[in-house]
Amino acid sequence: MADQYAESHEDGGRIRTPSIRWDETSEGPVLLLLDQTRLPAEEVELACKDVSTLVQAIRSLAVRGAPLLGIAGAYGLALAAVRGHDVDEAAEAIATARPTAVNLGRGVRRAHEAYRAAVAGGAGWAEAAAVALAEAKALHAEDAEASRRMAEHGLALLDELLPGGGHRLLTHCNTGALVSGGEGTALAVALAAHRAGRLRRLWVDETRPLLQGARLTAYEAARHGMAYTLLTDNAAGSLFAAGEVDAVVIGADRIAADGSVANKVGSYPLAVLARYHHVPFIVVAPVTTVDADTPDGASIEVEQRAGREVTEFMAPQVPGAGGVPGSRSVAPLGTQAYNPAFDVTPAELVTAIVTEYGAVSPVTTDGLVELCARSRQV
Ligand code: MRU
């Protein structure tokens, strides 16, 4: 199997364009998003001057991934406030743009509550808007710090579960700097292993149908010079059977009170494979992804997306790869497609949930309650 070590980049592998940033322009404040639909071909920023542009960016996955959706939600609320738009309407529109990642509504609510508290305390709208913006910036910074700590805890757990080092990790979807204020969740753990010289191989699931693995995780892994190999999602079984996977590390969009984990569709089959092959299945997510108000996996709303994402395969967008931007049909006209964006893995298949406050293993309701209580004490 050929190695795919990428060249090292002068910028230490970091993506040059931040995944999200706030800017004050001559035309007023603007929320800039690294448009993830254009990666890996180009790093282009999408400017959101109003809430409807942001909502569209969320729906089209220009901005995506649970932690980043939380940050985008908070900034979006601040954007509406600073621009003098109807803040309550904005909160509703942004929070409901996608249903599964709990962080989105939480980010919106956090900035909204800060805004409302400022107004209730006698602040004018401009002052209250500044408070909402400060709250969004605080969430952004906290997420970066959470990333750093998840990477530490995650690597410690891997070293404990897999003594001897040389970890071969399988990951799904994209969970790196592109979804975070810092270096991400599961991919940040793999990156920590890489930096410590203990990553032997990162197996990257391509992640049908929107190819977050092929387009985004491979892009991040290449920039960091990690040893990575891309596979189609349906090749994972043979990889396990060949004994090539030491652990699965994935992120989460919502973790229910009973420890059920909603994550990108295709995660659950990996958990089943991991159990059959006696391989640890590790979920890495900030505490803000744990949702005590959702009692169990069956109560998690799973986003259903347009069938055309399945019936029309995205054409390659990499310059020189021979493709053109856009998509092409791969199924007969009129074919119906089943296209859930996420699936739910029951707690019993999850070896550990790693957060910035440490790991929960085994995954139980009591363990999660204790973890959330610990996070509130800090
Ligand atoms: O549909 P997406 O691309 O937003 O889905 C993202 C995922 O499923 C990620 O694995 C999840 O948000 C965790 S990111 C740290």
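Hey, does segment 150-164 have a residue that's at negative phi, touching a helix residue (DSSP H, G or I) at 6+ places or on another chain (Cβ under 6 Å) and without any contact (Cβ under 8 Å) to a residue 12 or more places away in the chain? Checked segment 150-164: no residue is at negative phi, touching a helix residue (DSSP H, G or I) at 6+ places or on another chain (Cβ under 6 Å) and without any contact (Cβ under 8 Å) to a residue 12 or more places away in the chain.
Only a single item in (1) among the charged types (D, E, K, R); (2) within 11 Å of the ligand (Cβ to nearest atom); (3) surrounded by fewer than 22 Cβ atoms within 10 Å (Cβ to Cβ) is not met by ASP159, and it is number (2). Answer yes if at least one residue in segment 181-191 is assigned to a helix (DSSP H, G or I) and charged (D, E, K, R), and no otherwise. No. Considering the conditions (1) assigned to a helix (DSSP H, G or I); (2) within 15 Å of the ligand (Cβ to nearest atom), TYR75 is excluded by exactly one of them, (2). Considering segment 198-315, the qualifying strands (runs of 3 or more DSSP E), each wholly inside and each with 2 or more residues that are farther than 20 Å from SER180 by Cα, more than 13 Å from the ligand (Cβ to nearest atom) and out of contact with any Gly (no Cβ under 6 Å at 6 or more places or on another chain), run over 199-205, 228-231, 312-314. Per the listing GLU135, GLU142, the residue uniquely touching a helix residue (DSSP H, G or I) at 6+ places or on another chain (Cβ under 6 Å), under 23 Å from GLY65 (Cβ atoms) and surrounded by 16 or more Cβ atoms within 10 Å (Cβ to Cβ) is GLU135.
Condition (residue is more than 22 Å from VAL189 (Cα to Cα), in contact with an Asp or Glu (Cβ under 8 Å, 6 or more places away or on another chain) and modelled with pLDDT of 95 or more) applied to segment 358-378: is it met by at least one residue? Yes - at least one qualifying residue is present in segment 358-378. The single condition from (1) within 15 Å of the ligand (Cβ to nearest atom); (2) closer than 20 Å to LEU46 by Cα; (3) surrounded by fewer than 20 Cβ atoms within 10 Å (Cβ to Cβ) that ALA93 fails is (1). I'd like the residue in segment 164-180 that is within 14 Å of LEU216 (Cα to Cα) and not in a loop (DSSP other than H, G, I, E, B) and, out of all such residues, is nearest to the ligand (Cβ to nearest atom). Per the stated criteria, the residue is VAL179. Report yes if some residue within segment 39-54 is out of contact with any helix residue (DSSP H, G or I) (no Cβ under 8 Å at 6 or more places or on another chain), part of a helix (DSSP H, G or I), within 15 Å of the ligand (Cβ to nearest atom) and under 19 Å from ARG21 (Cβ atoms); otherwise report no. No.
The values are calculated or read from the model by the stated rules, or taken from the named source; none is laboratory data. Treat the numbers as computed from the prediction; the structure is a model and nothing was measured. We place every Cβ from the backbone using ideal geometry, glycine too, and count neighbours over all the protein chains shown.
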